[in-house]
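Shown next, in structure tokens, is the structure this report addresses.
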Amino acid sequence: MLLAYVAESAWTPDEALACVVASNRVCDALRARGKLVAAAPLPPAASAASVRVRRGEVLVTAGPFAETVEQLGGFFLIDVASLDEAIAVAAEFPPAQRGTIEIRPVQPLDGVPDVRFDSPPLPGVTRYVLFCYDDAEQWEAAGPAALAAAQAEAAANMQQLASRGQYVAASPLHPVTTATSVRIRQGKRLVTDGPFAETHEFLGGYLMVDVRDLNAAVAIAAKHPGARLGTVEIRRLLDPTSASPV
Amino acid sequence: MSASAAIADLYRDKYRRVFAGVVSLVGEFELAEDAVQDAFLAATAQWPAAGVPSNPVAWLVSTGRFKAIDAIRRRKALRELEPELQSRIAAIQADNGEVSEREIADDQLRLVLTCCHPALDIQTQVALTLREVCGLTTEAIAAAFLVAPPTLAQRIVRGKAKIRDARIPFAIPGPEELRQRIDAALAVCYLVFNEGYSASSGAAHLRDDLSQEAIRLGRLLCALHPDAETFGLLALMLFHDARRAARTDGDGDLVLLADQDRTLWDQARIAEAQDWLARAIAAEPVGAYTIQAAIVARHAAAPSAERTDWAGIVGWYDALLEAAPSPVVELNRAVAISMRDGPEAALPLVEALAPALSSYHLYHSALGDLFRRTERSKEAIAAYGRALALAQQEPERRFLARRLAELAGCDEM
């Protein structure tokens, strides 16, 4: 999974549009080579909602999970053979020029329904992506049994969503220690170990759903085990059709 | 030589080469480690009766590979494997396990490039390279870098997990990227060398080992990727290492180049360094390591600080400023100019660097030296005082304190 982080003030509206167009062109080339799974730009982070569940109470706050200068502006799911290939792809995307592209390997999880990126949402349905930010220390303290139980619970939730036609895709990511960041500065490719920013909670996985509105998405986020120890950030997909290969 | 003695020698000297040949194929450290152990066990069982094969390293690599492939097969069917691994396995089986010298060298280079991958942080690169390429134990690396062994163990575990989960490939990239990646490996090598060479805290002999390990790694890189900068780095390390015995006095205090007892310099090392430097310059293009080696070579050839080819050194600093411009290089160039043309000529050059280097202790120390040599002791005392306030390492602090005391003495007279 490639995550594009850019300071929203770094672009004028025209430049932002040009970035989306240029990114789409890279996506088209990847798709032609069978290497693109899905891609989507995201609306400004200010429109995000963050969900936490503490002592059984659902807390919804406006805005992204963390106040960083660079904000998640889009993501790309690609299918490549190695990190070197992922780095080469990341370097092609325009956000690498002004922001950071964080590369995170996706971890396969058993018992998760099949993805259906290809089927666009039905009329009157909106596609949301839920980014699950975890505090690794909390999970470590909870122990491996708690983690396994949480994963089973998440998988069961997804099966239930799938049975209702609400499930699009989901996957945990490998721990943040496997993250790599790519930036292009003055024409030079800079590759560094680690995520784009050091935050307390790190992206641990994502879930994409087709639901009626934000409240339906909040309800799903609140049921996600990650919301009890971390934060689930809900972002509406900017252009739902662009999440599916066209 | 008996088979068991041959195996013992191979285990001691060639284990890492065999390991590189196996891990580069299967891409998993633990699996490769087990398979190499199994290959040596197989040698112990077969060689006493069958005789030592003509190319024992190639035998061990191909046996290790088959053991690893067997282990992978026990986990999952061949057709479920990555297509790339599938085709490599097919190729190995087709040529019946013949492993060439070239292939073994390439596999070692693959392992080096993987351990020095820019997606790993530099400390992890260093730890992985020392353990997996050089074969140092976790405890030895931890002791040399003054960290607790569990901390270092964790760094290595994380590094390997990242290589596995993020799929850092065991691959030699195309020519345009290879340059950058080799540079990263050279940087790791030089960092290891400097860690052993410049720091004076901790157990001295462990740090010395680190420098020797870096030189060994430098030699390996010269064999794996012969090019100008690889030769240049080896020459640079050998020149520095030749002066090791003269760099500290009986109390462990630093002795400046100008004051070193040049009879303590290791002439055999210097001669070897000169050979590598000549090869580097002949190989072209001349890069930053080669230029630095050429500068150190001028010092190594000089009978004293005064009778040094300072004009030649200034010329090489000009080249270094072009290859790798930095304020520190400008400072060193200015110091060389002070030796060629006198301190007055260098003072304005050094003072112009104040904005860039005001928090660098060696800047103030160089400035202090120029003031001292132009007999402006008040300015010299102020500059050395700033240097002392910024210096971290004990021997440097003692040196600066000595200089200050000398100047204070002059002032009173």
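A few comments on the model shown:
- Taking only the Cα atoms of the protein assembly as shown, the ratio Rg/Rh comes out at 1.03, with Rh defined as the Kirkwood radius.
- Förster radius 51 Å - calculated FRET efficiency between B:Asn55 and B:Asn194 (Cβ-Cβ, nearest 0.05): 0.85
- Distance between modelled label sites at B:Asp251 and B:Lys14, nm, 7 Å Cα→Cβ extension: 5.2 nm
- log10 of Debye I(q)/I(0), alpha-carbon scatterers only, for chain B at 0.09, 0.12, 0.14 Å⁻¹: -0.66, -1.03, -1.29
- For segment B:202-326, the relative contact order comes to 27 percent (Cα pairs under 8 Å, sequence separation of at least 6).
- Sequence of B:Ile163, A:Ile101 once ranked by neighbouring C-beta atoms within 10 Å, starting from the fewest: B:Ile163, A:Ile101
- Simple rule: put +1 on each Lys or Arg Cβ and -1 on each Asp or Glu Cβ in segment B:102-225, find the dipole, and look at B:Thr114, B:Leu186, B:Gly196; the Cα lying farthest toward the positive end is B:Thr114.
- With contacts taken as Cα pairs under 8 Å and at least 6 residues apart, chain B reaches a relative contact order of 9 percent.
- Inter-site label distance for B:Glu394 and B:Leu146 at 7 Å from Cα along Cβ, in nm: 0.9 nm
- Relative contact order %, chain A, counting alpha carbon pairs below 8 Å whose residues are six or more apart: 32 percent
- Most tightly packed first, judged by the mean number of other beta-carbon atoms within 10 Å of their residues, the peptides B:103-114, B:139-150, A:140-151, B:167-178 read B:103-114, B:139-150, B:167-178, A:140-151.
- Taking each DSSP H run with n ≥ 4 as -39500 (n - 2.57) and averaging over every residue of the protein assembly as shown yields -18000 deg cm²/dmol at 222 nm.
- Phi to ³J(HN,Hα) by Karplus 6.51 cos²θ - 1.76 cosθ + 1.60 over segment B:34-51, Hz, x for Gly, Pro: 4, 5, 5, 4, 4, 5, 5, 4, 4, 4, 4, 6, 9, 5, x, 8, 7, x
- Between the helical axis of A:83-92 and the longest alpha-carbon principal axis of chain A there is an angle of about 60 degrees.
- Shape call, segment A:100-246: gyration tensor on alpha carbons, a/c limit 1.5: oblate
- Leading residue at positive end of dipole, segment A:193-241 (Cβ point charges), from A:Leu238, A:Ala217, A:Gly205: A:Ala217
Throughout, read-outs are computed from the coordinates displayed, never taken from laboratory work. Keep in mind the model is a prediction, meaning the values are calculated, not measured. Methodologically, a virtual Cβ is constructed for each residue, glycine included, from the backbone with ideal geometry; neighbour enumeration extends over all protein chains shown.
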